[in-house]
1. Please work out the Cα center distance from the stretch 12-35 to the stretch 57-78, rounded to the nearest Å.
2. About its Cα centre, what dipole magnitude does the chain give when the only charges are +1 on Lys and Arg Cβ and -1 on Asp and Glu Cβ, stated in debye to the nearest 20?
3. Which value at 222 nm does the chain reach when only helices count, each DSSP H run of 4 or more adding -39,500 (n - 2.57), with the total divided by all residues and rounded to the nearest 500 deg cm²/dmol?
4. Under the definition of Cα pairs under 8 Å and six or more residues apart, what whole-number percent is the relative contact order of the chain?
5. Counting only the backbone N, which residues of the stretch 41-77 are under 19 Å from the spot 7 Å out from the Cα of ALA6 toward its beta-carbon?
6. Report the longest stretch of the chain that contains none of the GluC sites (Glu not before Pro) sitting in a DSSP loop with at most 15 other Cβ atoms within 10 Å.
7. For the chain, how big is the tail of P(r) above 15 Å, as a whole percent of Cα pairs?
8. How many Å² of accessible area per residue for the chain, probe 1.4 Å?
Amino acid sequence: VKALFAQLGKDVDSLDCLVHSVAFAKKEELAGEFVQTSKEGYLMAQEISAYSLTAVCREALPLMEKSQGASVITLSYY
């Protein structure tokens, strides 16, 4: 993520909008009943699917601060 925004900063002056649409879970975790989800699988899915929004926003912030009224949109499966 850091490398992406470092490169982007070389190519653009500012960022007006950021769309976050990242999700992941192990196939095995999705195959069974919800209550059978492992803690490890759940935490991995949350880190990749939800916390990645925080990480992406953190790195995008310097470019977004240069724009008037920049927005972040995040998408969800549901």
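The values are calculated or read from the model by the stated rules, or taken from the named source; none is laboratory data. Since the structure is predicted, the reported quantities are computational estimates derived from the model, not experimental observations. Counting neighbours? That spans all protein chains shown, and the Cβs are built from the backbone with ideal geometry, glycine included. Each accessible area value is taken on the protein alone, full model and side chains, heavy atoms only, with ligands, DNA and RNA left out. Shrake-Rupley method; radii C 1.70, N 1.55, O 1.52, S 1.80 Å.
1. Using only Cα atoms to place each centre, the spacing works out to 16 Å.
2. 100
3. The helix-only estimate for the chain comes to -13000 deg cm²/dmol at 222 nm.
4. Relative CO of the chain lands at 52 percent.
5. Once the point is set 7 Å along Cα→Cβ of ALA6, 55-64 turn out to lie under 19 Å by backbone N, inside the stretch 41-77.
6. Working: sites that count: GLU33, GLU65.
That gives 1-32 as the longest site-free run.
7. Working: 1859 of 3003 pairs.
Considering the chain, 62 percent of its Cα-Cα pairs are separated by more than 15 Å.
8. With the other protein chains kept in place, the chain gives 79 Å² per residue.
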